[in-house]
Amino acid sequence: MTPTEAIQAAIVYETKIRDLYQDSAASTRDPTGIRVFSLLAEDEQRHLDYLHHKLAQWNETGMIGIDDLKSVVPSARMIREEMAVLKETLSKEDRTDEKRMLAKALAVEVETSRFYRRMVDEMTDDTRPMFSRFLEIENEHIEIVQAELDFVSRTGYWFDIKEFDME
């Protein structure tokens with residue numbers, strides 16, 4: 001895959017997940033869900049803007065400069081702390097829609113992460129460090145979405161740690 005093709009493919013992945021988060025934010029009633037989906041959509045939009053910039057840079061110069069790509073989404077640690085506080089006040093209302101949206105988001109994040117992993121493994125040019133950074137961010141997104149899904153599903157797990165045991 002050429003760098004141009006790889007960046008264009010990344011744009012397709014990022015657009016797909018951004019649109020999913022925007023739709024989810026518009027569809028959910030839960031204020032926390034709206035905030036989480038909106039933050040993730042904003043982060044994915046920043047990824048798109050960055051990728052479009054890098055594609056133009058590649059097309060103009062044949063090189064990709066290393067720019068710092070930051071995430072607007074709080075760290076998994078910060079999300080964990082916030083959700084621990086909310087855990088005490090979570091209502092018993094039906095959260096089926098949020099679960100469905102989060103499950104879909106998780107699947108798309110995993111798919112996107114796999115793409116970036118493949119690009120890190122396959123690319124040998126200036127794009128490898130860029131894809132490596134995207135892989136880090138998408139893996140963080142997976143952790144956050146999984147934690148949100150576990151939270152609304154009340155699975156007994158929190159960031160892959162079993163909170164309680166029925167035995």
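Here, each number is a calculation from the coordinates, and none is a lab measurement. Keep in mind that what you see is a predicted model, and the values were worked out from it rather than measured.
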For the range 107-122, Karplus-derived ³J(HN,Hα) couplings (6.51, -1.76, 1.60; θ = phi - 60°; whole Hz; x for glycine and proline) come out as 4, 6, 5, 4, 4, 5, 4, 4, 4, 5, 4, 4, 5, 4, 6, 8
With θ set to phi - 60°, apply the Karplus curve 6.51 cos²θ - 1.76 cosθ + 1.60 along the range 9-24 and write out the HN-Hα couplings as whole Hz, x wherever there is a Gly or Pro. 5, 4, 4, 5, 4, 5, 5, 4, 6, 4, 5, 4, 5, 4, 4, 5
Taking the alpha-carbon centroid of each part, what is the distance from the range 124-139 to the range 33-53 in angstrom? 17 Å
